[in-house]
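Enquirer: Encoded as structure tokens, here's the structure I'll be asking about.
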Amino acid sequence: MKNRKLRMGMIGGGNNAFIGAIHRQAAFMDNQIELVCGCFSSSPTMSISSGRTYFLPENRIYKSYQEMFEEELKLPKGERMDFVSIVTPNHLHFDPAIMALEKGFHVVLDKPMTFSLEEAKQLQQKVEETGLILALTHVYSGYPAIKEAKARIANGELGKLRRIYAEYTQGWLSERIELLGGNNAGWRCDPKRSGKAGCIGDIGTHAWHLCEYITGLKVKELCAELNTFVQGRPVDDDGAAFLHFEQDVTGVLMATQICTGEANNIRIRIYGDKGGLEWRQMEPNILQLKWPNRPTEILHIGNNGYLAENTLWNTRTPAGHPEGFIESFANIYRNFALTVRALECGEQPQEEWLDFPTVYDGVRGMQFIETMVASGYSNETKWQKWIE
């Protein structure tokens, strides 16, 4: 493994899927990974046609993920896949992930990690039992500007933190497009496939994860409101919460998919007693630093010497060259691949390689969803302790 690419299998991500193509582009970006097999759809016909489009040999295109695991294990260790990337709807995360770990394969998994908190805890237990690696694709934590924000806070440049504002606004579900077909709104708005939460599970988890990742502080309790603005939709399409973090830091989180005209407008602002910072996903290569006694600093992320070492490790281009969504996915895949290779070779991974979301982020993500739902659907306004 030390002198070759990691071999990836994929579950989901057929020709008719959006996120599968993003995962493949990201995985291949740093020349660390190759696609060798897959079950690309619950439809055997779609899986086979997709695998052919990806130029895979016929005997490595599978009709079910169960078949894929069994057949891959029959191959010599020098030929079989090393890990599996699971890019399916939420209700199809747990079974293939737990099976992969039981069969000895590392896992890359889309978020939210599972359908329920109970499943997430079982997955954590299996990871701990096997010693295998599970990477969770909370993609926005992969942006270099987010790495820089994390480093600046860790260095104490903002002083004692006080307040966090995180928001993720979309408008694509302003109408009930899930009834039209031909889009991926169907499963996201179906509680039998998405889980207890709609908007909060889909994008609210991203806003929450950025808060905890950048600051290193965990949410202890929250007071939430969940709404369903589009009549007939069985899950939330809007929500907000007041947050209490460790170290007496407070926050406000807002996630919505019914703000007409919005795309993927993620914004996070963090304030301490010495300064503040702001980042917007729509301008991902810019980080603003705000001070009480001098003008706001505009940091242009790129291969600039004033940036933190971990920021530079996760940066590919000079400032001014766009670097964004796919590169952020690629940072997760690269760091995961380097970590897996090191462990398989009996070596200690470098610290910067370990910088990717794991099964523990996945469990906390499901705890966030469960806590939001418990508070948001309560008959009275109340603070909800973090559900363990």
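Here, each number is a calculation from the coordinates, and none is a lab measurement. Please read these numbers as outputs of a predicted model, since none were measured by experiment. Cβ: placed from backbone, ideal geometry, glycine included. Neighbour counts: every protein chain shown.
Enquirer: Using r as the Cβ-Cβ distance of GLN350 and GLU79, and R0 as 25 Å, what FRET efficiency do you calculate, to the nearest 0.05?
Expert: Details: r = 28 Å, r/R0 = 1.13.
Plugging the Cβ-Cβ distance into 1/(1 + (r/R0)^6) gives 0.35.
Enquirer: Among rounded, prolate and oblate, which fits segment 85-202 when a ≥ b ≥ c are the square roots of the eigenvalues of its C-alpha gyration tensor, a/c under 1.5 means rounded, and a/b larger than b/c means prolate? It would help to have the intermediate numbers written out before the result.
Expert: Numbers: a/c = 2.30, a/b = 1.12, b/c = 2.05.
Oblate is the answer for segment 85-202, as a/c is 1.5 or above yet b/c matches or exceeds a/b.
Enquirer: Something else about it: Kindly express, to the nearest 10 degrees and within the range 0 to 90, the angle between helix 359-376's C-alpha long axis and the longest C-alpha principal axis of the chain.
Expert: Roughly 50 degrees between the two axes.
Enquirer: Any of LYS5/LYS196; LYS126/LYS147; LYS121/LYS220; LYS150/LYS220 with alpha carbons more than 27 Å apart? Name them for me.
Expert: Working: LYS5/LYS196 38 Å; LYS126/LYS147 29 Å; LYS121/LYS220 19 Å; LYS150/LYS220 20 Å.
Table pairs above 27 Å Cα-Cα are LYS5/LYS196; LYS126/LYS147.
Enquirer: Right, something else. Using only Cα atoms and rounding to the nearest 10 degrees, what angle (0 to 90) does helix 117-130 make with the longest principal axis of the chain?
Expert: 60
Enquirer: Segment 237-375: D in µm²/s via Stokes-Einstein (Kirkwood Rh, Cα pairs, 20 °C, 1.002 mPa s)? Can you show the working numbers first?
Expert: On the way: Rh = 18.2 Å.
It comes out at roughly 118 µm²/s.
Enquirer: Taking 7 Å along the Cα-to-C-beta vector as the label spot, tell me the LYS160-ASN379 distance in nanometres, rounded to one decimal.
Expert: My value for the distance between the label points is 4.1 nm.
Enquirer: Among rounded, prolate and oblate, which fits segment 241-294 when a ≥ b ≥ c are the square roots of the eigenvalues of its C-alpha gyration tensor, a/c under 1.5 means rounded, and a/b larger than b/c means prolate?
Expert: Working: a/c = 3.07, a/b = 1.28, b/c = 2.41.
It is oblate, given that a/c is not under 1.5 and a/b is not larger than b/c.
Enquirer: How far apart, in nm, are two points set 7 Å out from the Cα along the Cα-to-Cβ line at ILE298 and at ARG4?
Expert: It works out to 5.0 nm between the two label points.
Enquirer: Build a GNM of the chain with springs between Cα atoms under 10 Å: which of CYS259, CYS211, CYS223 gets the top mean-square fluctuation?
Expert: Of CYS259, CYS211, CYS223, the Gaussian network model singles out CYS259 as fluctuating most.
Enquirer: Testing the spin-label approximation: label points 7 Å from Cα along Cα→Cβ at LYS274 and PHE229. State their distance in nm.
Expert: Distance between the two pseudo-spin positions: 4.0 nm.
Enquirer: Remind me, relative contact order of the chain in percent, using alpha carbon pairs under 8 angstrom and six or more residues apart? Walk me through the numbers on the way to the answer.
Expert: Numbers: 856 pairs, mean separation 74.8, N = 388.
Once divided by the residue count of the chain, the mean separation gives 19 percent.
Enquirer: Between PHE55 and THR250, what's the calculated FRET efficiency when r is the beta-carbon distance and R0 is 45 Å? Round to 0.05.
Expert: Numbers: r = 53 Å, r/R0 = 1.17.
E(calc), rounded to 0.05, equals 0.30.
Enquirer: Right, something else. Would you please classify the overall shape of segment 1-119 from the alpha carbon gyration tensor, given that a ≥ b ≥ c denote the square roots of the eigenvalues, rounded means a/c under 1.5, and beyond that prolate means a/b larger than b/c while oblate covers the rest? It would help to have the intermediate numbers written out before the result.
Expert: Working: a/c = 1.28, a/b = 1.16, b/c = 1.11.
Rounded.
Enquirer: Only bridges with both residues in the chain count here: give the DSSP antiparallel percent, nearest 5.
Expert: Working: 39 of 65 bridges.
Beta bridges within the chain, antiparallel portion: roughly 60 percent.
Enquirer: Then there's this: Mean separation of Cα pairs under 8 Å and 6+ residues apart, divided by the residue count of segment 204-361: what relative contact order is that in percent?
Expert: Numbers: 212 pairs, mean separation 17.6, N = 158.
Computed value for segment 204-361: 11 percent relative contact order.
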